[in-house]
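Report on the structure given below.
The values are calculated or read from the model by the stated rules, or taken from the named source; none is laboratory data. Note that this is a predicted model, so its numbers are computed, not measured. FYI the Cβ positions are ideal-geometry reconstructions off the backbone, even for glycines, and counts take in every protein chain you see.
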Amino acid sequence: MHVRCYGLPNPIQWQQPDGLQSFFFYAIIRTLRGSVMEETKRRYWEKEAIRISEMMHRGFYEKTIHPKDLDGYLSQESFSWIGAVEGENYLSKKDAITAFSRQRDLHEVPLIGVGKGRYRVQWVSDTVLLVLSIIPLSTKKETGLLLSENQRSTMIFHIEEDALRIVHIHVSNPWSMMPDKKQFPRSQGRSNYEYVQQVLSERTLSRYPDLSPRQKLILELLSQGKTYQVIAEALSISPSTVRYHVNELLTKFKVRTRAELLTAVQK
């Protein structure tokens, strides 16, 4: 069989493969088509796993979903949940939902804001996915509490009846050696210190909307009498970076010295 394609400078002839040649030709086409469809399906499950993970985090901490309404997202075969607090070890879906529903109804956990998390998906088998995430958490202003941390979470998903179900959840706080070899209490304490100062600067310097959050923070620390070196250590930046921000502030307030800057701010 010959097919002629007109409309081109030189008509092209293509001969359809016959016999054994035809068998291998269509086998390759089917294989490629199957590979593309399989890859598309895997990408869909990965996006769905991340979507459900994020929904679970926001629902739990921002209280947009009650634990009683999670049943449809949890595995019908087996389920376990290890929480961040001592004693939160549940080996059944019923126990986990009951415990966290009671926690929600008694308001034992304050309203917590969830920032943009980092998610990574790993395939364990053709039907099992592992989602690793780091979630920025901070208490809402209306709670009257000041807390900020990056919480780690692991969720294992199983594809059941063409739907993604959670088999296991493990949540933990970063109590371990940090990359810079500093123990968690010191590193986390620095993080909370910066968070508290940031909240304070946003309140005391709210009349200066043109300043960036970092500029407000450094200006607040300057007003407390902190030196460049102390500010650098508190914010885990270099003294030269502090000087850069101070110079930007001097330019914005049209002054020449640190003393003039603080005077201008206090007016």
Checklist entry - How many residues does region 91-117 hold that are under 18 Å from THR139 (Cα atoms), out of contact with any Ser or Thr (no Cβ under 7 Å at 6 or more places or on another chain) and in contact (Cβ under 8 Å) with a residue 40 or more places away in the chain? => result 3
Next on the checklist: Among the residues of region 112-135, what is the count of those that are in contact with a Phe, Trp or Tyr (Cβ under 8 Å, 6 or more places away or on another chain) and under 21 Å from THR64 (Cα atoms)?
Outcome noted: 4
Next on the checklist: Exactly one condition in (1) hydroxyl-bearing (Ser, Thr, Tyr); (2) surrounded by fewer than 14 Cβ atoms within 10 Å (Cβ to Cβ); (3) more than 20 Å from LEU137 (Cβ to Cβ) is false for THR64; which is it?
Outcome noted: (3)
Next on the checklist: I'd like to know if region 122-138 contains one or more residues that are at pLDDT below 90, exposed (fewer than 12 other Cβ atoms within 10 Å of the Cβ), among the charged types (D, E, K, R) and more than 17 Å from HIS168 (Cβ to Cβ).
Outcome noted: yes
Checklist entry - Considering VAL3, VAL85, VAL109, which residue is touching a helix residue (DSSP H, G or I) at 6+ places or on another chain (Cβ under 9 Å), outside any helix (DSSP H, G or I) and either at pLDDT 85 or above or not aromatic (Phe, Trp, Tyr) (or both)? => result VAL109
Item to check | Inter-residue pairs, beta-carbon under 7 Å, first surrounded by fewer than 18 Cβ atoms within 10 Å (Cβ to Cβ) and in region 46-59, second of a type in the set (Gly, Ala, Ser), 6+ apart | outcome: GLU54/GLY117
Item to check | Condition broken by GLY225, with the remaining ones in (1) under 29 Å from the mean Cα position of the chain (by Cα); (2) assigned to a loop (DSSP other than H, G, I, E, B); (3) at pLDDT 85 or above; (4) surrounded by fewer than 16 Cβ atoms within 10 Å (Cβ to Cβ) satisfied | outcome: (1)
Checklist entry - Only one residue in TYR44, TYR73 is more than 26 Å from LYS140 (Cα to Cα), modelled with pLDDT of 90 or more and touching a helix residue (DSSP H, G or I) at 6+ places or on another chain (Cβ under 9 Å), so which one is that? => result TYR73
Next on the checklist: Just to be sure before I move on: is LYS254 more than 22 Å from the chain's Cα centre (by Cα) and at pLDDT below 75 in the structure I sent?
Outcome noted: no
Next on the checklist: Going by what's in this entry, would SER101 be described as modelled with pLDDT under 90 and either assigned to a helix (DSSP H, G or I) or surrounded by 12 or more Cβ atoms within 10 Å (Cβ to Cβ) (or both)?
Outcome noted: no
Checklist entry - Has region 141-162 got any residue that is among the aliphatic types (A, V, I, L, M), part of a strand (DSSP E or B), closer than 30 Å to SER201 by Cα and touching a residue at least 24 places away in the same chain (Cβ under 8 Å)? => result no
